[in-house]
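These notes concern the structure reproduced below.
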Amino acid sequence: MTKRRWTILAGGVILGGGLLWAFLVRDPIQEGRCKLHLRRVSQPGGLIGTAYHFLPAPSSDGNSVNDLPTGFDQPHYYRVRANRTELAMAVNEGNPWTACLDTNRDGHLSDEQPVRGKIVRIRDWSKDQRHCLFGPIELTVPNESGVRTARIRLLGYRVDASGKQSSEQPKTFAVYPADYRTGRLRIGGQIYKVAIIDGDHDGRFEPVTLTERDRIGWPLCDWFAIDFDGDGKFQQDLSERNETQPLGRIVLLQDVYYAIDISRDGQELSLRPIDPEKGTLVWDRADCGIECRFWSDAADQQLVVPAEQKELTLPTGKYSVARIIARVTDTSGEIWEIKSAWNFRDQPSFEIETDRTTRLQIGPPFTCTSSVTKVADGTMRIEPVLKGGAGEEYSCRVLRTRRLMPAPAITIVDEKGTVLAADDFAYG
């Protein structure tokens, strides 16, 4: 064998050994702890969609902006929530769209580097839509120990080939993190994939407060994910066993509570079993079964409570109702079901205190009102609003043994009781 071949063979052995070391030796799976590795993302699908939120409606008022970069002659102004403060942002309409964000928080945009958007196709409501994607944009976040960084991306909704937004959703923008951290650990002989997301864009990971929300009420917070069933994906359906949740202090796993500990730099995570302080939740409700999801700064809860159960024990902390399904069985055995609306802003919250009782009245009896909006001269939009005992809002879609019932009817009368109009609502 020639010297050249020996050199190639030796190089192959070294390379193969290095790859073997990388897979088998580096970051071994440990009991209850792991290192977290950075994963970059571009489009907002999958896990990162959990931390995706809409910006408030744009404004033509630039009073909060001292100056603009050169060429910003058609600006629209937004406020981006990051690190519990609002950052000024201007988006210049054109081809391409250009965004400029006050990343250093000095109130000036002329010293910032504008970011040009690019047209991308993203699956949206079962069909491909053109969107305008910006970033990643790096934010500087001052704190007591120096400066941290957070990376975000911006998405402009539904644009045509020239970059112009459609009239049905004019100048709608959303923001989401440009990365997340993930790793694997072992608990009780089973391996779990975990992840954390900097959803409030402050460069650190802290338990949720649930007080900051976007315009539809979705929490602006850090998120924690754990692959309970080991299928390699993070389930995000609120109506099932959800594997993504606002980052709390603890997580329920295999009927055991574990404290979540994350290093200051976000590169290490550990889960340690604890017995948290608890209080009692009493259900003040009619005889119906309840399936619900509670977000919490303590431990996220997915509960199925039969009609006969009136109380349960929960860890001490603050809770927010994310999802409710109320079910009742009539005398003929038919199961009637109603679900909460996708309106997270108006859903009730409560607190569980140590060794104390908290009462929560959710579900029936329901009250029905209407929301009336003028959409054009002589045209009004009327929508039914259905609320439960705690003020929680429900969808008017009623299922009877899994069959969708007809939409409710509406009758409009004057002060004398004369019928002015009668019709049926339509599901939208």
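Report the gain in length on full extension from ILE274 to VAL328: 0.36 nm times residue separation, minus Cα-Cα distance, nm rounded to one decimal. Don't skip to the end; give the middle numbers.
Numbers: separation 54, 0.36 × 54 = 19.44 nm, distance 3.63 nm.
Value of the extension gain: 15.8 nm.
Tell me the net charge near ARG400. Cut-off is 14 Å between Cβ atoms, ARG400 excluded, with +1 for each Lys or Arg and -1 for each Asp or Glu.
Details: positive: ARG327, LYS339, ARG397, ARG402, ARG403; negative: ASP330, GLU334, GLU337.
Summing Lys/Arg as +1 and Asp/Glu as -1 gives +2.
Need the full-extension length gain, ARG381 to ILE191, defined as separation in residues times 0.36 nm minus the C-alpha distance. One decimal, nm.
Values: separation 190, 0.36 × 190 = 68.40 nm, distance 5.19 nm.
This chain segment gains 63.2 nm when fully extended.
Going highest first, how would you order 86-98, 329-341 by mean Cβ packing within 10 Å?
Working: 86-98: 19.7, 329-341: 13.8.
Order by mean packing, descending: 86-98, 329-341.
Calculate the radius of gyration of the Cα atoms of the stretch 278-424 to one decimal place, then report Dmax, the largest Cα-Cα distance, as a whole number, both in Å.
Considering the stretch 278-424 through its Cα atoms, Rg and Dmax are 18.3, 58 Å.
Test of understanding: what is the full-extension gain from THR369 to ALA174, defined as 0.36 nm times their sequence separation minus their Cα-Cα distance?
On the way: separation 195, 0.36 × 195 = 70.20 nm, distance 3.12 nm.
This chain segment gains 67.1 nm when fully extended.
Could you calculate the FRET efficiency of THR209 with ARG33 from 1/(1 + (r/R0)^6), where r is the beta carbon distance between them and R0 is 35 Å, rounded to 0.05?
On the way: r = 26 Å, r/R0 = 0.74.
With a Förster radius of 35 Å, E is 0.85.
Fewest Cβ neighbours within 10 Å first, please rank LYS374, LYS193, LYS35 accordingly. Please report the intermediate quantities before stating the final value.
On the way: LYS374 9, LYS193 19, LYS35 16.
Listing LYS374, LYS193, LYS35 from fewest to most nearby Cβ atoms yields LYS374, LYS35, LYS193.
In what order do VAL120, VAL141 fall by count of nearby beta-carbon atoms within 10 Å, going from fewest to most?
Numbers: VAL120 14, VAL141 19.
Neighbour counts put them in this order, fewest first: VAL120, VAL141.
When the Cα centres of the stretch 364-401 and the stretch 176-242 are compared, how far apart do they sit, in Å?
A separation of 32 Å, based on Cα centres.
In whole Hz, with x marking every Gly and Pro, tabulate ³J(HN,Hα) for the stretch 301-316 from phi via Karplus 6.51 cos²θ - 1.76 cosθ + 1.60, θ = phi - 60°.
So the J values, rounded to whole Hz, are 10, 10, 10, 10, 10, x, 4, 7, 8, 10, 8, 8, 9, 10, x, 4.
Coordinate-derived values only; no laboratory data. Owing to the predicted nature of the structure, the values given are computational and were not obtained by experimental measurement. Neighbour counts run over all protein chains shown; Cβ positions are idealised from the backbone, glycine included.
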